[in-house]
Amino acid sequence: MAETTHKENKVIDKISSKFKIEGKLQRERRIWVATDKESLIALCNFAKDLGFEHLSAISVTDWPEEGTFELTYHLWSYSEKILLTIKTKIDRTNPTVDSVIPVWEENAQIHERELHELFGVEFKGNEDLAPLFLEDWDGPPPFRKDFDWRESVRHRYYDKANERERAYWD
Amino acid sequence: MNEKELIGTEQIEPITEGETEYDFYFGPAHSGSGNFGVRLKIDGEKVIAARADPGYLHRGFEKLMEYRVPMQNAVLSDRVCILEALNWNLVHAEAVDELTGVEVPQRARYIRVLMAELSRLQSHLIWYGVMSLALGFDTGFKMAFGYRDYILDVFELITGGRVYPAGYICPGGVRKDLPEGYEAKIRRVLDQTEEMMQKMKHFDNVVFARRAKGVGVLNLEDALRLGTTGPVLRACGMKTDVRKDDPYEIYDGLDFDTPTEKEGDAYARCLVRGKEMEESIRIVKQVLDRMPEGKVREPAKIPPPSRVKIPEGEVYVRNELARGEGCIYMRSVGGREPYRVKIRGPDFLHMIPVLEHLLKGAQIADIPAIYWSLNICPADMDR
């Protein structure tokens with residue numbers, strides 16, 4: 001294991017010596033690091049300079065009990081052939097975070113636009129957060145854990161006069 | 001660009017005399033575009049601004065999967081992209097396997113790769129068909145769809161479904177072992193596909209080169225900035241393939257090449273896909289030669305859903321699909337259903353930033369050629 005994950009350990013060492021954070025080696029080609037919201041942009045810039053030029057995806061995980069949103073940035077390095085995931089937690093009541101457009105440009109822009117629509121996260125510095133998939137949607141961001149889509153569909157579309165629908169909903 | 005700059009269909013204003021600029025809506029319900037639209041601002045014959053208008057196929061899979069157990073999600077994962085259902089089956093199954101840590105039997109791994117490569121072949125045939133249609137070459141369209149049907153016959157024989165395999169590649173392996181006589185059948189279909197590829201080569205210079213050369217040029221720098229992956233990136237000269245760089249299943253033991261082109265135009269993308277089909281056929285032949293015996297699923301009998309729990313953890317799985325990089329981020333807190341699933345489809349990038357970038361400055365007549373040279377699938381963008 002030690003020999004096959006040599007390059008991964010080197011990347012972890014570089015990150016932890018610069019940012020004083022621990023990197024986790026999951027398996028060959030998979031590294032996970034967690035950071036705080038303040039040093040996110042600096043870490044992203046550092047990662048891009050290390051060769052992580054492809055932003056594969058950005059994702060949000062909702063933790064309502066904890067009161068946080070967890071953002072994950074999945075980065076791929078074409079030269080090192082490693083996937084680095086940067087995780088950061090932000091406050092759920094005031095979900096704002098700096099945009100990573102300065103680092104990954106248009107690629108980051110569209111991912112952030114999607115997450116703004118589905119989770120309601122504000123990305124500071126992203127000027128185009130117009131609705132993407134949902135048309136005429138005025139409800140809460142639908143991918144949040146506390147959004148009950150079944151209740152929402154029942155409220156919006158349940159036709160009580162229709163016998164078949166009654167069998168489904170009641 | 002601001003959305004206000006490009007107005008919607010309901011607000012399209014009549015063209016006034018002396019003005020050369022007008023709005024034009026490509027899609028969303030057209031056989032040549034799929035369920036997807038692009039709002040264009042056009043001056044004369046030239047596109048000056050483009051804005052993608054997705055959402056017609058948004059089904060919310062990521063949310064739906066949070067309410068279902070992995071065996072149900074396997075069926076759901078078919079629908080992520082209609083045109084390559086088996087490949088998405090595989091991405092989902094791998095994510096669950098990595099979380100549960102199950103040792104997938106070797107025979108199942110071979111069957112998975114066999115099905116994924118056949119699925120890539122039929123997906124490229126669909127692409128050839130619609131690309132021909134976009135170029136006004138109806139013969140190519142009918143031929144490609146005809147030859148694709150032979151591969152669908154194989155899918156029907158093995159999975160029971162022609163387009164949707166109903167979660168054939170499932171967590172732990174595959175649902176059923178291969179039926180009797182599968183090998184002869186697949187080899188015959190490979191011969192038929194090769195026959196089609198001979199015809200494709202013949203038409204390349206006649207139709208494709210004339211309509212696609214120099215159209216929709218994407219340079220490597222822009223391609224990386226816009227998040228391009230797969231054949232589109234390889235057509236810009238980048239030698240990258242998830243099957244080689246981040247190998248999964250049995251790909252690191254197989255012998256195949258990664259074809260690339262330098263020009264980055266629509267024609268280069270066509271050439272890359274053509275060569276990729278040859279590589280897929282090579283892979284399928286190797287898999288057939290080496291197919292081991294044994295179990296096809298671990299555990300062999302599917303336990304009742306109430307007993308299956310996904311161990312706590314998180315994984316990010318990457319696969320090479322026919323269209324590019326397909327990924328799933330899966331997070332589990334130890335429950336029966338995954339806590340969060342993020343699906344990353346290649347066309348999310350190809351259809352929004354890349355398409356908008358390529359259409360800017362293009363001629364109206366080139367829009368279909370650019371559009372289909374990206375081989376886009378609205379289903380995996382909207383999810």
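The numbers here are math on the coordinates, done by the rules we state, and not lab data. Worth saying up front: this structure is predicted, and the values here are computed from it rather than measured. Virtual Cβ from ideal backbone geometry, glycine too; neighbours counted across all protein chains shown.
General remarks:
- Here is the size of segment A:6-135 from its Cα atoms: Rg then Dmax, 14.6, 49 Å.
- Here the scattering of segment B:40-181 is modelled by Debye summation over its C-alpha atoms, one equal scatterer each and no solvent; at q = 0.12, 0.13, 0.18 Å⁻¹ the log10 of I(q)/I(0) is -0.61, -0.68, -1.04.
- Counted by neighbouring Cβ atoms within 10 Å, the residues B:Val38, A:Val121 run from fewest to most as A:Val121, B:Val38.
- Every pair of different Cα atoms in segment B:328-383 enters the Kirkwood calculation, which places the hydrodynamic radius at 13.3 Å.
- Here the protein assembly as shown is treated as a Stokes sphere of Kirkwood radius computed over C-alpha pairs; at 25 °C and 0.890 mPa s its diffusion coefficient rounds to 100 µm²/s.
- Overall, the protein assembly as shown carries a charge dipole of about 1700 debye about its Cα centre when +1 sits on the Cβ of Lys and Arg and -1 on the Cβ of Asp and Glu, all other atoms neutral.
- Charge-dipole axis of the protein assembly as shown as Lys and Arg at +1 and Asp and Glu at -1 on Cβ define it, positive-most pick from B:Leu90, A:Thr88, B:Leu114: B:Leu114
- Most positive-pole-ward Cα, A:Ile110, A:Gly120, A:Ser39, against dipole of segment A:6-135 from beta carbon charges: A:Ser39
- Average other protein chain Cβ within 10 Å of Cβ, residues A:51-61: 5
- When only the Cβ of Lys, Arg, Asp and Glu is charged (+1, +1, -1, -1), the dipole of chain A relative to its Cα centre reaches about 760 debye.
- Peptide ranges A:22-32, B:288-298 listed from the most packed, as the mean C-beta count within 10 angstrom indicates: A:22-32, B:288-298
- Phi angles of segment A:124-137 translate, via the Karplus equation with coefficients 6.51, -1.76, 1.60 and θ = phi - 60°, into HN-Hα couplings of 5, x, 8, 8, 10, 10, 5, x, 10, 9, 8, 9, 6, 8 Hz per residue; Gly and Pro are given as x.
- Nearest-20 debye value, segment B:188-260 charge dipole, Cβ charges on Lys, Arg, Asp, Glu: 540 debye
- Average beta-carbon neighbours from other chains, 10 Å sphere, peptide B:233-240: 1
- Sorted ascending by nearby beta carbons within 10 Å, beginning with the fewest, B:Met200, B:Met330 become B:Met200, B:Met330.
- Evaluated over the Cα positions of segment B:61-382, the convex hull gives a direction-averaged projected area, one quarter of its surface, of 15.2 nm².
- Debye intensity ratio I(q)/I(0), log10, segment B:107-205, q values 0.18, 0.21, 0.24 Å⁻¹ (C-alpha model): -0.83, -1.03, -1.24
- MRE, 222 nm, helices only [DSSP H, n ≥ 4, -39500 (n - 2.57), over chain A, to nearest 500]: -10500 deg cm²/dmol
- Convex hull volume of segment A:59-170 per residue (C-alpha atoms, cubic angstrom): 149 Å³
- Cβ-based exposure ranking for B:Leu218, A:Leu55, A:Leu129, in which fewest neighbours within 10 Å come first: A:Leu129, A:Leu55, B:Leu218
- Over segment B:328-369, relative contact order from alpha-carbon pairs under 8 Å, at least 6 apart, %: 25 percent
- Residues of segment B:89-123 with an amide N closer than 15 Å to a point placed 7 Å from the Cα of B:Lys285 along the Cα-to-Cβ direction: none.
- Peptide B:334-340 is shielded by partner chain Cβ atoms: per residue, an average of 2 of them sit within 10 Å of its Cβ.
- Think of segment B:290-374 as a dipole: +1 on every Lys or Arg Cβ, -1 on every Asp or Glu Cβ, centred on the Cα centre; then among B:Leu349, B:Met330, B:Ile370, B:Met330 lies furthest on the positive end.
- q = 0.26 Å⁻¹, segment B:17-96: log10 I(q)/I(0) [Debye, one scatterer per Cα]: -1.15
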